[in-house]
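Undergrad: I'd like to ask some things about the structure below.
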Amino acid sequence: MRTITLINGDGIGPEISDAVVKIIEAAGLKIDWDLQTAGADVIEAEGVPLPERVLNSIKKNKIALKAPVTTPIGKGFRSVNVQLRKDLDLYANLRPCKNLPNIKTKFDNVDIVVVRENTEDLYAGIERQVDENTAESIKIITRNASERIAQFAFEYALKNNRKEVCCVTKANIMKLSDGLFLECFRKVAQNYTQINTREILVDNLCMQLVQNPRQFDVLVLPNLYGDIVSDLCAGLIGGLGVAQGANIGLDCAVFEPVHGSAPDIKGQNKANPTALLLSAIEMLRYIGENIYAERIEAALFKTLKSGICTCDLGGMASTTQFADAIIKNL
Ligand code: ATP
């Protein structure tokens, strides 16, 4: 039996984790979940929101499924998400955005994969107060990180029968930093002549995405643009409740939804577990459990097609009712 780390998070995290674990079990796949708590709730007992034991569990098991964890504001702790990505060197953030059955959105047939560099750029956290009226943040772009994310995007495109990888920058303004990211993309692209390439400025991309998103396939972006553009793409397919994600490194991978812990609807049994479920389905494919991935995905799609969904998508089902409907359709 495979052991997988489960970070059940806080806010709506435990509710959606319970739903997803129940669905995977009902599909017939036996997983030994190594439950690891993290976030604000463990600070009192353990002093930090991301204790060593959580990192050690992921390092040992190599794979984790993670529900959202709130980072306490203003207490001097780094974001749990940012720290996980840094400490485990999860350099690639993968966010597939594809229309789901029966979820009404402005455009049909959106099928975009956002590949976001996860370790540097303005997220390097190098900031200082220059004087009372001036603050400074430093944007770091390195050749090593830019080449490996470009390579990840092309490899993903190859393995998943994608036609094009598009590099997104603002290299006309940030000629050195974004210029280096683009230069690395062009260099790596030479090894993947079977995949088309495209280059676009991030402002133009945003306009094109809201006018004609179907023209895009795989996007590769530095960290900050990737963060913003992936939320935009989540909006194109029905919002945060359905937006899946994964953070992938050479040794470990952590699968998690794009959304946060949604404290406004915590404990009300109305959170949508779809984003975490889609992340789990992608995780199952990643570990080679394709049969179970297909089975669960088919049951999710059948449930949505039958008109059952949670209130963020205009439905009436509670989290548990939605999960039970999926289980019935397995
Ligand atoms: P963070 O900074 O951690 O990303 P946030 O407050 O910016 O958190 P979310 O926690 O993702 O963002 O919530 C944004 C809005 O989307 C909230 O109103 C929340 O209720 C809603 N939302 C997020 N996830 C879900 C979900 N799975 N199901 C239903 N509604 C959700």
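Undergrad: Apply the Karplus parameterisation 6.51 cos²θ - 1.76 cosθ + 1.60, with θ equal to phi minus 60°, to every residue of region 98-103 and state each ³J(HN,Hα) to the nearest whole Hz, in sequence, with x for glycine and proline.
TA: Here the 3J(HN,Hα) series is 10, 4, 9, x, 6, 9 Hz.
Undergrad: Oh, and also: Which value, in Å² and to the nearest 10, is the accessible area of Cys252 when all protein chains are kept and the probe is 1.4 Å?
TA: 10 Å²
Undergrad: Could you identify which residue out of Pro222, Pro257, Pro14 has the top mean-square fluctuation in a GNM of the chain using Cα springs shorter than 10 Å?
TA: Pro14
Undergrad: Now for a separate question. Could the peptides 313-321, 62-70 be put in order, highest first, of the mean number of other beta-carbon atoms found within 10 Å of their residues?
TA: Numbers: 313-321: 16.6, 62-70: 24.2.
Those peptides, ordered most packed to least, come out 62-70, 313-321.
Undergrad: Given the pairs Lys60/Lys139; Lys270/Lys328; Lys30/Lys62; Lys62/Lys170; Lys66/Lys187, which span a C-alpha to C-alpha distance of over 23 angstrom in this model?
TA: Where the Cα-Cα span goes over 23 Å, the pairs concerned are Lys60/Lys139; Lys62/Lys170; Lys66/Lys187.
Undergrad: Go ahead and run the numbers for FRET between Met174 and Cys206, Cβ-Cβ distance against an R0 of 22 Å, rounding to 0.05. Intermediate results must be reported in sequence, preceding the final value.
TA: On the way: r = 17 Å, r/R0 = 0.75.
The formula returns an efficiency of 0.85 here.
Undergrad: How big is the accessible area of Thr193 in square angstrom, nearest 10, if you roll a 1.4 angstrom probe over the protein chains?
TA: Probe radius 1.4 Å; accessible area of Thr193 about 120 Å².
Undergrad: Only Cα pairs under 8 Å and at least 6 apart count here; give the relative contact order of the chain as a rounded whole percent. Present the calculation step by step, with values, prior to reporting the outcome.
TA: Numbers: 665 pairs, mean separation 75.3, N = 330.
Rounded, it is 23 percent for the chain.
Undergrad: Contact order normalised by length for region 225-265, with contacts defined as Cα pairs under 8 Å and 6 or more residues apart; what percent is it? Let's see the in-between values first.
TA: Details: 29 pairs, mean separation 11.4, N = 41.
Answer for region 225-265 is 28 percent.
Undergrad: May I pose another question? Considering the chain, which cysteines have no disulfide-compatible partner, defined as another cysteine with its Cβ under 4.7 Å away?
TA: By the Cβ distance rule, which asks for a partner under 4.7 Å, the isolated cysteines are Cys166, Cys167, Cys184, Cys206, Cys252, Cys309, Cys311.
Undergrad: Relative contact order of region 106-236, please, whole-number percent, based on alpha carbon pairs below 8 angstrom and at least 6 residues apart.
TA: Details: 213 pairs, mean separation 50.6, N = 131.
RCO, region 106-236: 39 percent.
Undergrad: Enumerate the calculated ³J(HN,Hα) couplings along region 117-128 in order (Karplus 6.51 cos²θ - 1.76 cosθ + 1.60, θ = phi - 60°), each rounded to whole Hz, writing x wherever the residue is Gly or Pro.
TA: With the stated coefficients, region 117-128 comes to 5, 10, 10, 9, 6, 5, 7, 4, x, 9, 9, 8 Hz.
Undergrad: Using modelled amide H (1.01 Å from N, peptide plane; none on Pro or chain starts), what sits under 5 Å from the amide H of Ile140, excluding residues fewer than 5 places away?
TA: Asp121, Leu122, Ala124
Undergrad: If you roll a 1.4 Å probe over the heavy atoms of the protein chains, what accessible area per residue do you get for the chain, in Å²?
TA: About 46 Å² of surface per residue is accessible.
Undergrad: Between Leu250, Leu278, Leu50, which gets the highest mean-square fluctuation from a Gaussian network model of the chain, Cα cutoff 10 Å?
TA: Evaluated over the chain, the most mobile residue of the options is Leu250.
Undergrad: How big is region 106-236 by Rg and Dmax over its Cα atoms, in Å?
TA: 15.4, 53
Undergrad: Which one of Val130, Val218, Val242 has the biggest mean-square fluctuation once the chain is modelled by GNM with Cα springs under 10 Å?
TA: Judging by the Gaussian network model, the answer is Val130.
Undergrad: Ok, one more. How would Phe301, Phe185 line up by accessible area, probe 1.4 Å, largest first? Let's see the in-between values first.
TA: Numbers: Phe301 55, Phe185 5 Å².
Descending accessible area places them as Phe301, Phe185.
Undergrad: Also, I was wondering about something else. Apply the Karplus curve 6.51 cos²θ - 1.76 cosθ + 1.60, θ = phi - 60°, to the phi angles in region 36-48 and return the couplings in whole Hz, x for Gly and Pro.
TA: Those phi angles translate into 10, 7, 7, x, 4, 5, 9, 4, 4, 7, 10, x, 9 Hz.
Undergrad: Follow-up. Tell me the carbon and sulfur percent of the accessible area for the chain, rounded to whole percent, probe radius 1.4 Å. Walk me through the numbers on the way to the answer.
TA: Values: 7550 of 15030 Å².
About 50 percent, which is the carbon plus sulfur part of the accessible surface.
Undergrad: Quote to one decimal, in nm, the extra length available between Tyr286 and Lys187 on full extension: 0.36 nm per residue of separation minus the C-alpha distance between them. Walk me through the intermediate numbers first.
TA: Numbers: separation 99, 0.36 × 99 = 35.64 nm, distance 2.75 nm.
Gain on extension, Tyr286 to Lys187, equals 32.9 nm.
The values are calculated or read from the model by the stated rules, or taken from the named source; none is laboratory data. If you're wondering where the values come from, they're calculated on a predicted model, not measured in any experiment. As a convention, Cβ positions derive from the backbone with ideal geometry for all residues, glycine included, and neighbour counts pool all protein chains shown. All accessible areas refer to the heavy atoms of the entire protein, side chains included, with ligands and DNA or RNA removed. Shrake-Rupley method; radii C 1.70, N 1.55, O 1.52, S 1.80 Å.
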